[in-house]
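J.: Questions regarding the structure given below will be posed in turn.
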Amino acid sequence: MKTIAIIGAGQLGSRHLQGLAKSDLEISIEVVEPFETSRNTAKERFEEIPANEKIKNIDFYANISQLSDELDLVIIATNADVRFNVVNELLENKKVKNLVLEKVLFQKIEEYTKIENLLADTKCWVNHPRRMFPFYKDLKEKLSSSTNVDFSVSGGDWGLGCNGLHFLDCFSYLTGIKDIELNSTYLDKELYETKRKGFNEVNGMIIGKLNNHSFTLNCFANNPSPVQFTITSDQLNISIDESNGWYRVSKKENNWNQEIKEEKIVYFQSELTNILLNDIFDNNCTLPTYNEAMKLHVNYLSLLIEHINSFSKIKYDFCPIT
């Protein structure tokens with residue numbers, strides 16, 4: 001039996017819990033959530049999933065010290081502003097074999113190296129889930145022979161600061177590029193408030209290029225609109241509507257004749273965590289490792305911090321996104 005812990009049982013953490021509830025491995029679950037209201041919501045969501053004899057036990061705790069001393073897997077789904085302290089406390093006091101972290105990993109650049117040094121005996125991945133979606137696994141194979149790939153995401157109020165890393169990781173995954181150059185020239189010189197107290201957003205455009213591949217991430221402020229997601233290459237052109245589950249594609253091998261196809265593209269976290277569990281224990285996890293994700297996260301945060309400090313009266317030594 002494996003002992004699995006979730007730290008942070010808010011919106012995303014409770015969905016991880018629902019995924020664990022579907023496990024086909026025998027597991028014991030431990031959940032750490034300091035806020036009673038969030039613990040109660042997580043319990044309710046867990047109970048929405050049909051009873052599973054593979055779940056041998058589930059306990060809810062208020063703090064990390066109450067966890068078992070040895071843990072087979074820990075999923076940390078806290079906000080970014082507290083994640084460094086949570087990971088630090090966990091790794092200094094518990095033996096953790098496998099660790100999954102949500103993005104953005106940490107808000108301060110120096111925290112990345114500090115955590116890297118604590119991970120010597122722990123395998124760690126970052127949850128960029130598009131790598132687990134069958135659609136993107138198949139698309140990666142289809143793009144494998146492309147020498148020029150242009151990746152474009154555009155829409156209104158989709159959370160460039162918060163969600164941009166997911167798209168950049170998708171670009172990295174599809175092209176195999178790990179060293180992405182970022183340019184903030186076209187970002188708005190304004191820091192936007194969000195519904196989450198203490199966190200901000202950026203809007204405008206981030207562009208980048210490496211070798212023959214390029215990307216554009218564009219987000220309009222105060223103007224909600226559907227995200228347009230397109231990939232253009234020398235072998236394949238595709239427009240993707242993730243939320244409605246369809247895509248329009250044309251291929252060089254088919255004389256660029258256009259086809260429209262329907263397919264489930266996006267999977268909820270509650271549909272993925274049980275699969276992730278198997279992948280990790282089968283040594284077949286497709287998520288980026290901590291070291292793979294770290295470089296992209298550090299470059300991204302450095303870009304945003306430098307941009308924000310170029311116009312803000314308050315000078316930041318951290319990036320106020322989550």
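J.: If I fit a long axis through the Cα atoms of helix 269-281 and take the longest principal axis of the Cα atoms of the chain, what angle between them do I get, 0 to 90°, rounded to 10?
T.: On a 0 to 90 degree scale, this one is about 70.
J.: Another one. For the chain, what does the helix formula give at 222 nm: sum of -39500 (n - 2.57) over DSSP H segments with n ≥ 4, over the residue count, nearest 500 deg cm²/dmol? Don't skip to the end; give the middle numbers.
T.: Working: 8 runs with 105 residues, N = 322.
Taking each H run of at least 4 residues, the total per residue is -10500 deg cm²/dmol.
J.: Step through the residues of region 307-314 one at a time and calculate ³J(HN,Hα) from phi using the Karplus curve (6.51 cos²θ - 1.76 cosθ + 1.60, θ = phi - 60°), rounding each to whole Hz and writing x for Gly and Pro.
T.: 5, 4, 6, 6, 10, 7, 5, 7
J.: Next question, about the same structure. What part of the accessible area of region 121-208, given as a whole %, is carbon or sulfur when the probe is 1.4 angstrom?
T.: Details: 1810 of 3910 Å².
So the carbon and sulfur contribution to the accessible surface is 46 percent.
J.: Tell me the per residue accessible area of the chain using a 1.4 Å probe; a whole number in Å² is fine. List each step's numbers first, then the result.
T.: Numbers: 15360 Å² over 322 residues.
That works out to 48 Å² for each residue.
J.: Moving on. Given the protein chains as shown and a 1.4 Å probe, how many square angstrom of Arg15 are accessible, to the nearest 10?
T.: 80
J.: May I ask you to derive the relative contact order of the chain, considering only C-alpha pairs under 8 Å and at least 6 residues apart, and to give it as an integer percent?
T.: Values: 639 pairs, mean separation 61.2, N = 322.
For the chain, the relative contact order is 19 percent.
J.: Ok, one more. If amide H atoms are built 1.01 Å from N in the plane of the peptide, which residues on other chains or at least 5 residues away come under 5 Å of the amide H of Gly156?
T.: Phe220, Ser225
J.: Report the residue, chosen from Glu26, Glu253, Glu292, that carries the largest GNM mean-square fluctuation when the chain is represented by alpha-carbon nodes joined by springs under 10 Å.
T.: Among Glu26, Glu253, Glu292, the largest mean-square fluctuation in the Gaussian network model of the chain belongs to Glu253.
J.: For the chain, modelled as a GNM with alpha-carbon contacts under 10 angstrom, which of Thr78, Thr232, Thr147 fluctuates the most?
T.: Maximum fluctuation in the GNM of the chain, among the listed residues, is at Thr147.
J.: Can you send over the carbon and sulfur percentage of the accessible area for region 58-108, probe radius 1.4 Å, protein chains only? Mind showing how you got there, number by number?
T.: Working: 690 of 1950 Å².
Carbon-and-sulfur percentage of accessible area, whole number: 36.
J.: With θ set to phi - 60°, apply the Karplus curve 6.51 cos²θ - 1.76 cosθ + 1.60 along region 36-42 and write out the HN-Hα couplings as whole Hz, x wherever there is a Gly or Pro.
T.: Here the 3J(HN,Hα) series is 4, 4, 5, 4, 5, 5, 4 Hz.
J.: Starting from the residue with the highest accessible area, list Ser225, Ser145, Ser270 in decreasing order, probe 1.4 Å.
T.: Values: Ser225 40, Ser145 70, Ser270 20 Å².
Greatest to least solvent exposure: Ser145, Ser225, Ser270.
J.: Equivalent-ellipsoid semi-axes (√(5λ), Cα gyration tensor) for region 1-125, whole Å, largest first?
T.: Working: eigenvalues 115, 52, 29 Å².
The three semi-axes for region 1-125 are 24, 16, 12 Å.
J.: Please state the charge dipole magnitude for region 1-92, taken about the Cα centre, from unit charges on C-beta atoms (+1 on K and R, -1 on D and E), reported in debye and rounded to the nearest 20.
T.: Values: 9 positive and 16 negative charges, 61 e Å.
Dipole magnitude for region 1-92 comes out near 300 debye.
J.: Any idea what angle helix 11-20 forms with the longest principal axis of the chain, computed on alpha-carbon atoms, 0 to 90 degrees, nearest 10?
T.: Result, in degrees: 70.
J.: Ignoring any ligand, DNA or RNA, what whole percent of the accessible area of region 247-322 comes from carbon and sulfur when the probe is 1.4 angstrom? Intermediate results must be reported in sequence, preceding the final value.
T.: Numbers: 1890 of 4100 Å².
Its accessible area is 46 percent carbon and sulfur atoms.
J.: Evaluate the Kirkwood expression for the hydrodynamic radius of the chain, namely the inverse of the mean inverse distance over all pairs of different C-alpha atoms, and round to one decimal in Å. Let's see the in-between values first.
T.: Details: mean 1/r = 0.0481 Å⁻¹.
Here the Kirkwood hydrodynamic radius works out to 20.8 Å.
J.: What dipole magnitude, in Debye to the nearest 20, does the chain give about its Cα centre under +1 on Lys/Arg Cβ and -1 on Asp/Glu Cβ? Can you show the working numbers first?
T.: Working: 35 positive and 45 negative charges, 72 e Å.
Result for the chain is approximately 340 debye, rounded to the nearest 20.
The values are calculated or read from the model by the stated rules, or taken from the named source; none is laboratory data. All values derive from a computational prediction rather than experimental measurement. Note that we place each Cβ from the backbone using ideal geometry, even for glycine, and neighbour counts take in every protein chain shown. Quick note on the areas: whole protein, heavy atoms, side chains included, nothing else; ligands and nucleic acids left out. Shrake-Rupley method; radii C 1.70, N 1.55, O 1.52, S 1.80 Å.
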